[in-house]
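This report refers to the structure that appears directly beneath it.
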Amino acid sequence: MSSRSPHKTDHWGQPGASGDGATGERLPPKALLQRWDPRCKMLGLLGLVLAIAMVNDPALLPLVLAIPLLLALFSGLSLSFILRRLCYPSLLIVLLLLWLPFAVGDTPWRTFGPLTLYREGLAAALLIGGRFLGIVLTAMIVFNSTPLATNLKAMRALGLPWVMVDMALLTLRYLQVLKRDLQQMRTAMRSRGWRNRLQPRNLKTIAWLTGSLLLRSHERADWIYRAMRLRGYGQSDHRPSEFKVGAMDLLLLGLTMAIALLLALFNLELVVI
């Protein structure tokens, strides 16, 4: 019986200079962000996200949005891929911010029948939306420029507890398994004449489908955990880091931190003024 911990074995894959991104996007072999050391990339991402979150003036939004655009140029990700991944989170934030210009503020700007558009509410909506896009785009581009397994190994190398790394990996993998099971069950039900429509007569069938899916997922999770424990999961196994930091990696990290620092300083100056 092996005593090695699965969270440190080679089933995650070796970090390389080419391959698929975190969500399957094929990257050019010489994309700058792809060749950047994942640990330095994570630290740079943290600095940029903190700096963007500190922005409190709409005048800095062009600079905030310029950061992910600059990263996208050196990521090798296609524009269609970025827009596709941005669709759902953008829809959510738009729905949340639509009411803000009409509900917050004291200075009327425009009137649309019974609705009044306030300057303060519009500024707050632009600020929240701009920071959201800046943070989401930056994180999405950085994470998708490196394979998911390499990102998780980099987090572990930076000191993140292995339990959290394993939970992230297993959760992402398990969501794919649940999606596949749901598709198989719905296909079997449709072959028996069932139609996926939200009607009172279908509520019992939908409840049965949901319960069966939950039971199957619980049983599979228990089997997987027992199999992992039999293979030595949870035992310590200290292994040297597989990453090597070069001069270019440190240069890119310094440049990224400088941009984050400048953004924070600009924000402080505008707040003071």
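The values are calculated or read from the model by the stated rules, or taken from the named source; none is laboratory data. For clarity, every value in this text was computed on a predicted model and none was experimentally measured. Backbone-built Cβ (ideal geometry, glycine too); neighbour counts: all protein chains shown.
Laid out as a table, the results:
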item	result
Leu169 vs. criteria within 26 Å of Lys244 (Cβ to Cβ), not in a helix (DSSP H, G or I) and not small (Gly, Ala, Ser)	no
Cross-chain or 6+ apart pairs with Cβ under 6 Å, the stretch 99-116 first and polar (S, T, N, Q), then loosely packed, with under 13 Cβ neighbours inside 10 Å	Thr116/Pro108
Any hit, the stretch 223-245, residues being part of a helix (DSSP H, G or I) and of a type in the set (Asp, Glu)	no
Residue match in the stretch 133-143 (condition: free of Cβ contacts under 8 Å to residues at least 40 places away in the same chain, part of a helix (DSSP H, G or I) and of a type in the set (A, V, I, L, M, F, W, C))	no
Any hit, the stretch 127-148, residues being hydrophobic (A, V, I, L, M, F, W, C) and within 29 Å of Trp223 (Cα to Cα)	yes
Residues located in the stretch 225-237, provided they are under 13 Å from Asp166 (Cα atoms) and either at pLDDT 75 or above or touching a helix residue (DSSP H, G or I) at 6+ places or on another chain (Cβ under 6 Å) (or both)	Tyr225, Met228, Tyr233
